[in-house]
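> There's a structure below that I have some questions on.
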Amino acid sequence: MKGGVAELFDSFRKVILPIATLLLLLKISYSSFDSTTDSLLQNLESSQNGSLPLDQPEQVSPGITSASPSTNYSAKTGIRQQTCNIFVGKWIPYPKGPYYTNESNCVIDDRQNCMKYGRPDSDFIHWRWKPNDCELPLFDATQFLQIVRGKTLAFVGDSLARNQMQSLVCILSNASIPVDVSETTDTKFRRWLYKDYNFTIMALWSPQLIKSYDSDPTGDPYYSLMNLYLDKADDVWASQVEKADIIIISGGQWFFRPFLYYENDQLIGCHKCNQKNVTEHTHYYGYRMAFRTAFKTLLNLQKLKGRLVMLRPFSPAHFENGDWNNGGNCNRTRPFKNEEMKLDGYELKMYMTQLEEFKAAEKEGRKRGSVKFKLLDTTEAMVMRPDGHPNHYGHWPNEKKLPDCVHWCMPGPVDTWNELLLATLKMEGDEL
């Protein structure tokens, strides 16, 4: 009897127990895979399909700016591409030189011409953006011009939009030199025509994006009170943008001054106005309403149906040791590492405000089948580049002017914006 029990136990240990253990392990593995997959799908669906009505924005998680890896084929470029989130990554050393210099055949605003004004270090032009899950190709000027052949690209926003536009023109000078076809001598509204490609670039300078004017034109240009009409787009760009096939819209640094806020031509509040019986709002309120009105305007322009609108979100400044007007500067000569700097404080809130309005407009565009919205999310990359600003090298050393830690040296990190632009256009494939 004892021998039979021993034999039965021995059979169980050698045969039944391993099989049971294997089945248990398979169940655990399947359960883990299933729950992980569900989580990924939920995150992906919420980032792609989560929607916001224009009058009820919700929080959008930073970093969810691109679809998961997928394959995309374009007959126009002849390329089958593996797409990834190109906006999440790190800066890596790049020993080769930039696409252009201050002696290239293109216009560089003196205030961003750091080489001309003797910036002593050059390390800031020897870094490249490296996405975590893929490679960001070098900018191919000829390929870009082929993709945009017959189209018009409009940069709508402030001087940082112009910063990107000038960077693009300089990079493209390796393949083609445009003709200046500007309709005004004001360089804020410059237009360039690439005749061989019938491609036009135009700048539409509108720092607040909505209708505005100084209540006191003779006052301080930074601190005087300005009227801001929250429900009216600035006609400077709204009357011209229908000519464009691709619109890159941006804004940020002009929303901190004192404002009187109007809706339906009625005063409804203010920011830093110090007036009795007027409701005080934060600057985020005016910022949100400016982008809400701009996106609504783009959605309602019938001639823009099928066009591509890209939001280039908030570009961080890097003043240290004080603010822009009381001793602040940006003397660093290397990028931050990922763990050293993250978007936070007011800059994070500015960024999130834009993304909330963007997601609402994106949903509405899909619903109407009208304007297509894409995010050109340069913010994470640029928060790590305190070394990329002109600082004191946007003018001659003997000129006593304030340091610039807002704009970007050319050449410099701003050229990455256009590498990301080209990569985004290539991902669009034949839908562009």
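Since every read-out is calculated from the coordinates, none of them should be taken as a lab result. Quick caveat: nothing in here was measured; it's all calculated off a predicted structure. Ideal geometry is used to build each Cβ from the backbone, glycine not excepted, and the neighbour counts take in all protein chains shown.
> Compute from the Cα atoms of the range 262-342 the Rg and the Dmax, the latter being the longest Cα-Cα distance, and quote both in angstrom.
For the range 262-342, the Cα-based Rg and Dmax read 19.2, 49 Å.
> Over the Cα atoms of the range 184-240, Rg to Rh with Kirkwood Rh, two decimal places?
1.12
> How much length is gained on full extension from Lys337 to Asp123, taking 0.36 nm per residue of separation minus their Cα-Cα distance?
So the extension gain works out to 75.5 nm.
> OK, next. Placing +1 at every Lys and Arg Cβ and -1 at every Asp and Glu Cβ, with all other atoms neutral, what dipole size does the range 96-428 have around its Cα centre, in debye to the nearest 20? Present the calculation step by step, with values, prior to reporting the outcome.
Numbers: 42 positive and 42 negative charges, 178 e Å.
The dipole magnitude comes to about 860 debye.
> Provide the percentage of antiparallel DSSP beta bridges, counting only those with both residues in the range 245-392; round to the nearest 5.
40
> When only alpha-carbon atoms are used, what values of Rg and Dmax, in angstrom, describe the range 355-432?
Reported Rg and Dmax, both Å: 17.7, 57.
> Now for a separate question. Just grab the label-to-label distance for Thr282 and Lys367, each label 7 Å out from Cα along the Cβ direction, in nm (one decimal).
Output for this residue pair reads 2.6 nm.
> To continue, here is another question. Of all trypsin sites (Lys or Arg not before Pro) in the range 225-283, which ones are in loop regions per DSSP and have a Cβ with at most 16 other Cβ atoms within 10 Å?
The qualifying sites are Lys272, Lys276.
> Any idea what the alpha-carbon Rg over 2.2 N^0.38 Å comes to for the range 96-428?
Numbers: Rg = 19.7 Å, N = 333, 2.2 N^0.38 = 20.0 Å.
After normalising by residue count via 2.2 N^0.38 Å, the value is 0.98.
> How would you classify the range 95-163 from its alpha-carbon gyration tensor, with a ≥ b ≥ c the square roots of the eigenvalues: rounded for a/c under 1.5, else prolate if a/b is greater than b/c, otherwise oblate?
oblate
> Follow-up question, since we're still on this one. What length, rounded to one decimal in nm, is gained on full extension from Ser224 through to Thr184, with 0.36 nm per residue of separation minus their alpha-carbon distance?
Using 0.36 nm per residue and subtracting the Cα-Cα distance, I get 11.6 nm.
> Relative contact order for the range 96-428: what percent, with Cα pairs under 8 Å and sequence separation of 6 or more?
Relative contact order of the range 96-428: 22 percent.
> Something else now. Compute the normalised compactness of the range 200-327: alpha-carbon radius of gyration over 2.2 N^0.38 Å, N being the residue count.
Here the Cα radius of gyration is 1.15 times the empirical estimate.
> Now a separate question. Please go through the residue pairs Lys195/Lys426; Lys232/Lys276; Lys305/Lys363 and name each one whose alpha carbons sit more than 20 Å apart in this structure.
Flagged as over cut-off: Lys195/Lys426; Lys232/Lys276.
> With a Förster radius of 30 Å, plug the Cβ-Cβ distance of Tyr94 and Lys400 into 1/(1 + (r/R0)^6) and report the FRET value to the nearest 0.05.
Efficiency at R0 = 30 Å is approximately 0.30.
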